[in-house]
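Any read-out appearing in this document is the output of simple, stated calculations on the displayed coordinates, not a laboratory observation. Computed from a predicted structure; not experimentally measured. Methodologically, a virtual Cβ is constructed for each residue, glycine included, from the backbone with ideal geometry; neighbour enumeration extends over all protein chains shown.
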Amino acid sequence: NAGVTQTPKFQVLKTGQSMTLQCAQDMNHNSMYWYRQDPGMGLRLIYYSASEGTTDKGEVPNGYNVSRLNKREFSLRLESAAPSQTSVYFCASSAGHRWTGELFFGEGSRLTVL
Amino acid sequence: GENVEQHPSTLSVQEGDSAVIKCTYSDSASNYFPWYKQELGKGPQLIIDIRSNVGEKKDQRIAVTLNKTAKHFSLHITETQPEDSAVYFCAAGDGNKLVFGAGTILRVKS
């Protein structure tokens, strides 16, 4: 019953440091997504992977990279963290990818960049 | 591109009263309108969705209405309970994108 699991749940970085957020889903979903949530701005799509082996940019991809390691795992990397990347990050998955089906979200990873 | 506006940003109601959250969208191609509920410290969870060939959909105390001509849709919660307190997000999309509103903090006072 794990669903979508994200690690770590909390992280503090200094400007310029790098880190990777990990995400895994156990629902055999084809599509996976990374969103960021900022106060007053809702959820904004960073990158998505419609299927294993493919990745595409979303609304706010600058400063991020992703890897779809296999069908289960989708990681988000910050190569050189900036204070503007302070946010709560959510990974999500869905069975199909036509943006017209349910998204299943993880519990979020709170990142602070000093 | 699509732009989704959500109102109000915060809403306080007395337990047992109804709550209404409204969203407008800009892209007439949008045909899928989900609503997500986010409890404190959790990820958003789908509570109801509607597609453009339907004007209204109901699930127990929750209903969503859609007016495609005016490009707006609304979430209605009747007989609110303390456990309805959460952040609610609307979204609008088609086969190529899904755009979220900024969210509404709903507080149900007992």
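What's log10 of I(q)/I(0) for segment B:1-100 at q = 0.13 Å⁻¹, Debye sum over Cα points only, no solvent? The Debye formula, applied to the Cα set alone, gives -0.43. Rg and Dmax, both from the Cα atoms of the protein assembly as shown and both in Å, are 17.5, 50. Over segment A:57-114, the hull volume per residue, using the convex hull of the C-alpha atoms, is 99 Å³. Think of each Lys and Arg Cβ as +1 and each Asp and Glu Cβ as -1; about the Cα centre, that makes the dipole of chain B roughly 120 debye.
For chain A, the C-alpha radius of gyration sits at 0.99 times the compact-globule guess of 2.2 N^0.38 Å, with N the residue count.
Within segment B:8-40, whose backbone N sits under 19 Å from a point 7 Å along Cα→Cβ of B:LYS58? Taking a point 7 Å out along Cα→Cβ of B:LYS58, the residues of segment B:8-40 whose backbone N falls under 19 Å are B:16-21, B:35.
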